Amino acid sequence: MEVSLYQAAAAMNATARWQELIADNLSIASTPGARKQEMSFSAVQAGLASSASGSSTHGYVIPSAVAATNFQQGELLPSGNSTDLGLQGPGLFTVQTPDGQKAYTRNGQFRISPQGQLLTAQGFPVLSADGPIQLDSNKSHPVTVSTTGEISQGGAIKGKLQIAEFNQPGQLTRLGTGLFRADDPGLQPTDSTNTQVCQGFVEKSNSSPTTEMAALMTAMRMFESNQKVIQMQSERMSREITDLGAPAA
């Protein structure tokens, strides 16, 4: 078995997937609160698999690649809009999707519906511990939000933002741009005590176009290098077949 061929093919597949992630990261660079994805490559050397005793088995090990979401904090920019909320810390806003399930996001670019509900840009209700946050539709009453997430309007407290925190946010399931769901039963949200709410601010995406373009160049070079390895191995095998098939002098 030509392990080098399988290794190079696996590397080409991984770098192709990496280029797809980079393209996705570039597309969300201007989306508030969006989180980029990163590709990690296994450090396992290709070759014969080893048993528990250390001896080689008939199986072969091929390095793999895994994609994960990066939840690094993005830059907070002032917007001047009272319903724009940024998070400083690891927490996520809790929202309700159309199917009634809870989802989580860092995008705090909210708005107030004609009925007075606080909604995300996609129209999903923003949740407190008691359910959707209901405000007065009368915009003459200003909305104020404390650093702990308490929402007041016209001097009356309307609710407190449900800001969730996960010990392994990378295990959250991506639903779309900047929206996540805790499908893994082992992921249990807790109330975040390490996150501050910044009213009048919007968090930028943590994806940098400059960084992503540099990563794209690296991924392309890796793809081309492994492509050359396959070509070289293919030419070598062709020469061997030709030599073995040639009649003896």
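The single residue among Lys160, Lys228 that is touching an Asp or Glu at 6+ places or on another chain (Cβ under 6 Å) and open to solvent by 60 Å² or more (accessible area, probe 1.4 Å) turns out to be Lys160.
Restricting attention to region 188-226, the residues that are at pLDDT 90 or above and in a helix (DSSP H, G or I) add up to 7. If the condition is being more than 17 Å from Thr31 (Cβ to Cβ), of a type in the set (Gly, Ala, Ser) and either out of contact with any Pro (no Cβ under 8 Å at 6 or more places or on another chain) or loosely packed, with under 14 Cβ neighbours inside 10 Å (or both), then region 200-219 contributes Ala214, Ala215, Ala219. Within region 121-166, work out how many residues are farther than 30 Å from Pro185 by Cβ and either in contact with a strand residue (DSSP E or B) (Cβ under 6 Å, 6 or more places away or on another chain) or not hydroxyl-bearing (Ser, Thr, Tyr) (or both). Number of matching residues: 20. Tell me, which residue of region 81-104 that is of a type in the set (Val, Ile, Thr) and open to solvent by 10 Å² or more (accessible area, probe 1.4 Å) is nearest to Leu175 (Cα to Cα)? Per the stated criteria, the residue is Thr97. Contact map, region 133-144: residues that are closer than 14 Å to Gln117 by Cβ paired with residues that are of a type outside the set (Phe, Trp, Tyr) and open to solvent by 80 Å² or more (accessible area, probe 1.4 Å), Cβ distance under 7 Å, separation 6+ or inter-chain. Pairs shown: Ser137/Pro114; Ser137/Gln115. Do you know which of the residues in region 5-38 that are small (Gly, Ala, Ser) and closer than 30 Å to Thr83 by Cβ is surrounded by the most Cβ atoms within 10 Å (Cβ to Cβ)? Filtering first and then ranking leaves Gly33.
Report whether or not Glu150 is surrounded by 15 or more Cβ atoms within 10 Å (Cβ to Cβ), in contact (Cβ under 8 Å) with a residue 24 or more places away in the chain and acidic (Asp, Glu). No; evaluated as a whole, the condition is false for this residue.
When Leu85, Leu118 are screened for being assigned to a strand (DSSP E or B), among the hydrophobic types (A, V, I, L, M, F, W, C), on the phi < 0 side of the Ramachandran plot and free of Cβ contacts under 8 Å to residues at least 40 places away in the same chain, only Leu118 passes. When Pro78, Pro142, Pro125 are checked against the criterion of being surrounded by fewer than 14 Cβ atoms within 10 Å (Cβ to Cβ) and at pLDDT 95 or above, Pro78 stands alone in meeting it.
The values are calculated or read from the model by the stated rules, or taken from the named source; none is laboratory data. A quick note: this is a predicted structure, and the numbers were derived from the prediction, not measured. As a convention, Cβ positions derive from the backbone with ideal geometry for all residues, glycine included, and neighbour counts pool all protein chains shown. Heads up: the accessible areas ignore ligands, DNA and RNA and are worked out on the full protein's heavy atoms, side chains in. Shrake-Rupley method; radii C 1.70, N 1.55, O 1.52, S 1.80 Å.
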